[in-house]
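Asker: Here it is, the structure, as structure tokens.
The values are calculated or read from the model by the stated rules, or taken from the named source; none is laboratory data. Computed from a predicted model, the values in this text were never measured in an experiment. Here the Cβ is made from the backbone with ideal geometry for all residues, glycine too, and neighbour counts use every protein chain on show.
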Protein chains: 4
Amino acid sequence: MRTPKPLPHYLINRYHGWKATTYSENEPWYRRLATDGQNPRAMVISCCDSRVHVTSIFGAEQGEFFIHRNIANLVPPYNPDGEYHGTSAAIEYAVGTLKVAHIIVLGHSNCGGVNGCHDMCSGHAPELEEKTSFIGRWMDILRPGYERVKDIEDEAERRSALEKEAVLVSLENLAGFPFIAQEMEQGMLSLHGLWTDIGEGGLEHYLPETGFVPV
Amino acid sequence: MRTPKPLPHYLINRYHGWKATTYSENEPWYRRLATDGQNPRAMVISCCDSRVHVTSIFGAEQGEFFIHRNIANLVPPYNPDGEYHGTSAAIEYAVGTLKVAHIIVLGHSNCGGVNGCHDMCSGHAPELEEKTSFIGRWMDILRPGYERVKDIEDEAERRSALEKEAVLVSLENLAGFPFIAQEMEQGMLSLHGLWTDIGEGGLEHYLPETGFVPV
Amino acid sequence: MRTPKPLPHYLINRYHGWKATTYSENEPWYRRLATDGQNPRAMVISCCDSRVHVTSIFGAEQGEFFIHRNIANLVPPYNPDGEYHGTSAAIEYAVGTLKVAHIIVLGHSNCGGVNGCHDMCSGHAPELEEKTSFIGRWMDILRPGYERVKDIEDEAERRSALEKEAVLVSLENLAGFPFIAQEMEQGMLSLHGLWTDIGEGGLEHYLPETGFVPV
Amino acid sequence: MRTPKPLPHYLINRYHGWKATTYSENEPWYRRLATDGQNPRAMVISCCDSRVHVTSIFGAEQGEFFIHRNIANLVPPYNPDGEYHGTSAAIEYAVGTLKVAHIIVLGHSNCGGVNGCHDMCSGHAPELEEKTSFIGRWMDILRPGYERVKDIEDEAERRSALEKEAVLVSLENLAGFPFIAQEMEQGMLSLHGLWTDIGEGGLEHYLPETGFVPV
């Protein structure tokens, strides 16, 4: 078997650059973060996509955001069946242990996962319906969103609407977690839905009255 | 029900700062990324912990790394049972669609998830054994690692060893995905295990002959 | 005729060192680069000078920068006369085929080509004015820059200013290529002017408001 | 007009990393290089392709190689007509001023420029025959090489043979520069032809008796 390999040299070089600059300038803060533990203000759920950096958009420093990233920034429905639920575990930790004040779901344009869901639900990607397709099964979470946008005639518009549904479905599922509903009821937690346009550098937030509007 | 809220003002301010500087300086690159799609060199699997920023350590820019973050940077065993598997879906997308050349698992010191696993496996956190504990069920992935370190006498040492096991168990599980094994066999994909010390700013990589050593 | 010779042994040794380390660690990435083609983010135009390594300064790895190097990092004016234009061909390939987002012109201190231009334009190197001097004819591209600095009294200052003019003249000529002007107009391409001090390890970028300032 | 822009922040960060590590460790050497001038042992002529790094393959440090990079590592025939000849100027400077002992022409696999030449010469890319195509006019230098490989039946083999012709044509043209012929005659200069396989990490050198063989 091909065993784990050492880190490529170019990353080692970059690490040493970071150590000599960013770390060196902030050493006391990093030491304090290690000693005192993290105390993030918000949890962010965003996509794995390499083009989406919440740390960049929000100038986030070490210690500010508890970040979960998965395909298409999805939250599955609450389902405590004893199986592995990585997203739900992250949410439980953020709310129950870290007591974050905000959960931010960040969607984005040009999302490969959402496009796969679109193709699957519209019958153009039967392979994603297979039990063995992890992507297909995962994107099934977004199927209720597809139902709400499927009648939009223009295809580009429909795909874009589905990206925003990925945020809304996740917000709905989040609200279905009992411990989240309880914290929200007590005013200790608020949910936020965002969508960013990669090419334009745009950012929209969801308001119940108006839908998604630029911030 | 308490509905989604607009984005807090301090984040709106930061976004506009990013837009006026980083985005503005790189506008053509962001447009290309949107038009041409992402082409990341590596997938990184790291923890949600707010103190761990792979984008900072490696000076990663938009487009470089496909990043999945979950509690304790864990990869569950390959199990195509048709259920939601967010981590496996992310891996399938990275390897099958994006054809990344490297998968890097990045563990870290002071990991809350790993400590929970330690307490659960040593009988000090029975609530995590409950079917309703998402964190407990998720951290169960690391139980084989606990078995390998449980006889280490010094507690701090044992907890630290378990953090590194979180990397090794994930590497083992990754190698059990058929499509990963195949790409590795063909020399198209390599796996890497890293562990970072938050307070010291240290970075170690795993070598089969020597274990974890500083880069 | 003396025919081509085998590679000197010290370079063969170094190659095998690279193969056993850097290549071996990054084999999957090199295979992908060969299969999928290059996708560089930027074109860099720098000098042939052995002391100027843009790959070192920017930690550039295989695949990141499309690099053209000529004497004094010069870009000649746009002139599609059907003759051989190596620099213009490289630019056309970078912008038209690779669709890079940035073109970076990197000048440097102690530039032999620029000093030759200074001597030629000030009448101290008549041999460079000859039709048979490739260096002289090439450095003639920088003559408009000499006109702008020739009244600086201090010689060292004047030579240094001419090095920076080599960057500015190139930026001006770049902007005169119709396909570059068009991409810039559409926000898909930006130009950057840099100058590095070899001995000090300094780096300055050109800002229209302030001229060259340290980054 | 859109004016020159400041350097993107990620490159500024990388530069500071380099300054704090590589430069800092080698400061006396960089200062000496600035004071005493460069004294490179060889000139390398390679392609602009982002995947080809002679500094990586040969572990080249600042000061070792005088490097000219253009599309397809081509040297045009000697032609002192008073026009701009960037490649010939670089060669003249390397041989006449720096008195390098070796000129190394480094070709490579998967070369976009060579493929363009193949398509043009075989009648499949008439746009490259246009006077306004800088790439087409530049690749015309390789036409004599195409004539020698055009009867190879297998297309992949033919394209690969043309990549090696790009090295051989350049060596032939180099030998036609009077000042090069003279230095070679006196045993002060030798020419070398190399070709590297990007995916395999292979390196071949040209020997008159055997053609290209692995080093």
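Asker: Tell me, please, whether a residue that is within 11 Å of another protein chain (Cβ to nearest Cβ) and hydrophobic (A, V, I, L, M, F, W, C) can be found in the range B:152-169.
Answerer: Yes: the range B:152-169 contains one or more residues that are within 11 Å of another protein chain (Cβ to nearest Cβ) and hydrophobic (A, V, I, L, M, F, W, C).
Asker: Given the conditions (1) within 8 Å of another protein chain (Cβ to nearest Cβ); (2) in contact with a strand residue (DSSP E or B) (Cβ under 8 Å, 6 or more places away or on another chain); (3) farther than 29 Å from A:TYR23 by Cβ, report the number of the one that A:VAL95 does not fulfil.
Answerer: Looking at each condition in turn, A:VAL95 falls short on (1).
Asker: Which ones in the range C:126-139 are closer than 14 Å to C:ASN70 by Cα and either among the acidic types (Asp, Glu) or free of Cβ contacts under 8 Å to residues at least 40 places away in the same chain (or both)?
Answerer: Filtering the range C:126-139 down to residues closer than 14 Å to C:ASN70 by Cα leaves C:134-139.
Once the filter is applied, which keeps residues that are closer than 14 Å to C:ASN70 by Cα and either among the acidic types (Asp, Glu) or free of Cβ contacts under 8 Å to residues at least 40 places away in the same chain (or both), the range C:126-139 yields C:PHE134, C:GLY136, C:ARG137.
Asker: Looking only at the range B:17-30, count every residue that is polar (S, T, N, Q) and at the interface with another protein chain (Cβ under 7 Å from one of its Cβ atoms) and tell me the total.
Answerer: Of the range B:17-30, the ones polar (S, T, N, Q) are B:21-22, B:24, B:26.
Going one step further and asking which of them are at the interface with another protein chain (Cβ under 7 Å from one of its Cβ atoms), we end up with B:22, B:26.
Here the count works out to 2.
Asker: Something else now. Take the residues in the range A:115-141 that are under 24 Å from A:TYR206 (Cβ atoms) and within 19 Å of the chain's Cα centre (by Cα), then tell me which one is nearest to the other protein chains (Cβ to nearest Cβ). Even if it seems obvious, please write down each step before you answer.
Answerer: Residues of the range A:115-141 under 24 Å from A:TYR206 (Cβ atoms): A:115-118, A:121, A:138-141.
Narrowing further to those that are within 19 Å of the chain's Cα centre (by Cα): A:115-118, A:138-141.
Details: A:ASN115: 10, A:GLY116: 8, A:CYS117: 11, A:HIS118: 15, A:TRP138: 4, A:MET139: 8, A:ASP140: 8, A:ILE141: 6 Å.
Here the residue is A:TRP138.
Asker: Looking at the range A:173-191 only, could you name the residues that are closer than 20 Å to A:HIS205 by Cβ and either surrounded by fewer than 16 Cβ atoms within 10 Å (Cβ to Cβ) or aliphatic (A, V, I, L, M) (or both)?
Answerer: A:LEU174, A:ALA175, A:ILE180, A:MET184, A:GLY187, A:LEU189, A:LEU191
Asker: Using the structure shown, decide if C:ARG14 is crowded, with 22+ Cβ neighbours inside 10 Å, under 29 Å from D:GLY17 (Cβ atoms) and facing chain D (nearest Cβ under 7 Å). Don't jump to the end; show me each part of the working.
Answerer: Details: crowded, with 22+ Cβ neighbours inside 10 Å: no; under 29 Å from D:GLY17 (Cβ atoms): yes; facing chain D (nearest Cβ under 7 Å): yes.
Against the criterion (crowded, with 22+ Cβ neighbours inside 10 Å, under 29 Å from D:GLY17 (Cβ atoms) and facing chain D (nearest Cβ under 7 Å)), C:ARG14 does not qualify.
Asker: Go through (1) within 10 Å of chain C (Cβ to nearest Cβ); (2) under 27 Å from D:HIS53 (Cα atoms) one by one and return the number of the condition D:GLU209 breaks.
Answerer: (2)
Asker: Are any residues in the range C:51-60 more than 9 Å from D:SER50 (Cβ to Cβ) and either more than 7 Å from chain D (Cβ to nearest Cβ) or of a type in the set (Phe, Trp, Tyr) (or both), and if so, which ones?
Answerer: Residues of the range C:51-60 more than 9 Å from D:SER50 (Cβ to Cβ): C:51-59.
If the condition is that a residue be more than 9 Å from D:SER50 (Cβ to Cβ) and either more than 7 Å from chain D (Cβ to nearest Cβ) or of a type in the set (Phe, Trp, Tyr) (or both), then C:VAL52, C:VAL54, C:PHE58 are the ones that fit.
Asker: Go through the range D:36-50 and report how many residues are among the β-branched types (Val, Ile, Thr) and at the interface with chain C (Cβ under 8 Å from one of its Cβ atoms).
Answerer: Result for the range D:36-50: 0.
Asker: Any idea which of C:GLY63, C:GLY86, C:GLY145, C:GLY112 is among the small types (Gly, Ala, Ser) and more than 7 Å from chain D (Cβ to nearest Cβ)?
Answerer: Being among the small types (Gly, Ala, Ser) and more than 7 Å from chain D (Cβ to nearest Cβ) holds for just one of C:GLY63, C:GLY86, C:GLY145, C:GLY112, which is C:GLY145.
Asker: Any residue in the range B:96-115 that is β-branched (Val, Ile, Thr) and touching a His at 6+ places or on another chain (Cβ under 6 Å)? Full working, then the answer.
Answerer: First, the residues of the range B:96-115 that are β-branched (Val, Ile, Thr): B:97, B:100, B:103-105, B:114.
Filter once more, keeping what is touching a His at 6+ places or on another chain (Cβ under 6 Å): B:104.
Yes.
Asker: On to the next question. Within the range B:92-125, how many residues are over 30 Å from B:GLU64 (Cα atoms) and without any contact (Cβ under 8 Å) to a residue 12 or more places away in the chain? So that I can check it myself, show each step before the final result.
Answerer: Of all residues in the range B:92-125, those over 30 Å from B:GLU64 (Cα atoms) come to B:115-125.
If we keep only those that are without any contact (Cβ under 8 Å) to a residue 12 or more places away in the chain as well, we get B:119, B:123-125.
The qualifying residues number 4.
Asker: Assuming B:LEU33 fulfils every condition listed in (1) under 24 Å from B:ASP140 (Cβ atoms); (2) facing another protein chain (nearest Cβ under 7 Å) apart from one, which condition is it?
Answerer: Going through (1) under 24 Å from B:ASP140 (Cβ atoms); (2) facing another protein chain (nearest Cβ under 7 Å) one by one, B:LEU33 breaks only (1).
Asker: Taking D:ALA175, is it within 7 Å of chain C (Cβ to nearest Cβ), over 21 Å from C:HIS9 (Cα atoms) and modelled with pLDDT of 95 or more? Before the answer, list the steps.
Answerer: On the way: within 7 Å of chain C (Cβ to nearest Cβ): yes; over 21 Å from C:HIS9 (Cα atoms): yes; modelled with pLDDT of 95 or more: yes.
Spelling it out, D:ALA175 is indeed within 7 Å of chain C (Cβ to nearest Cβ), over 21 Å from C:HIS9 (Cα atoms) and modelled with pLDDT of 95 or more.
Asker: Go through the range D:11-52 and give me each residue that's polar (S, T, N, Q) and assigned to a helix (DSSP H, G or I).
Answerer: Of the range D:11-52, the ones polar (S, T, N, Q) are D:13, D:21-22, D:24, D:26, D:35, D:38-39, D:46, D:50.
Passing the criteria: D:ASN13, D:THR21, D:THR22, D:SER24, D:ASN26, D:THR35.
Asker: So is A:VAL105 in contact with a Lys or Arg (Cβ under 6 Å, 6 or more places away or on another chain), of a type in the set (Val, Ile, Thr) and more than 8 Å from chain B (Cβ to nearest Cβ) or not?
Answerer: no
Asker: Further question: In the range B:185-205, what count of residues is obtained for those that are closer than 17 Å to A:PRO8 by Cα, at the interface with chain A (Cβ under 7 Å from one of its Cβ atoms) and of a type in the set (A, V, I, L, M, F, W, C)?
Answerer: First, the residues of the range B:185-205 that are closer than 17 Å to A:PRO8 by Cα: B:187-196, B:202-205.
Filter once more, keeping what is at the interface with chain A (Cβ under 7 Å from one of its Cβ atoms): B:190-194, B:203, B:205.
Those left that are additionally of a type in the set (A, V, I, L, M, F, W, C): B:191, B:194, B:203.
So the answer is 3.
Asker: Still on this model: Residues of the range B:66-80 being free of Cβ contacts under 8 Å to residues at least 12 places away in the same chain and facing another protein chain (nearest Cβ under 7 Å), which ones?
Answerer: B:PRO80
Asker: What's the number of the only condition in (1) over 15 Å from C:ILE91 (Cα atoms); (2) of a type in the set (Phe, Trp, Tyr); (3) at pLDDT 95 or above that C:PHE58 fails to meet?
Answerer: (3)
Asker: On to the next question. Kindly list, by first and then second residue, each pair from a residue in the range A:156-172 that is touching a residue at least 40 places away in the same chain (Cβ under 8 Å) to a residue that is surrounded by fewer than 21 Cβ atoms within 10 Å (Cβ to Cβ) and part of a helix (DSSP H, G or I), limited to pairs with Cβ atoms under 8 Å and residues at least 6 apart or on different chains.
Answerer: A:ARG158/A:VAL149; A:ARG159/A:ASN115; A:LEU162/A:VAL149; A:VAL169/A:PRO144
Asker: Residues in the range C:81-91 that are in contact (Cβ under 8 Å) with a residue 24 or more places away in the chain and in contact with a Phe, Trp or Tyr (Cβ under 6 Å, 6 or more places away or on another chain): how many?
Answerer: 1
Asker: Quick one: count up the residues across the range A:129-151 that are exposed (fewer than 13 other Cβ atoms within 10 Å of the Cβ) and either hydroxyl-bearing (Ser, Thr, Tyr) or not assigned by TED's automatic domain parsing to the domain that holds A:ASP49 (or both).
Answerer: 1
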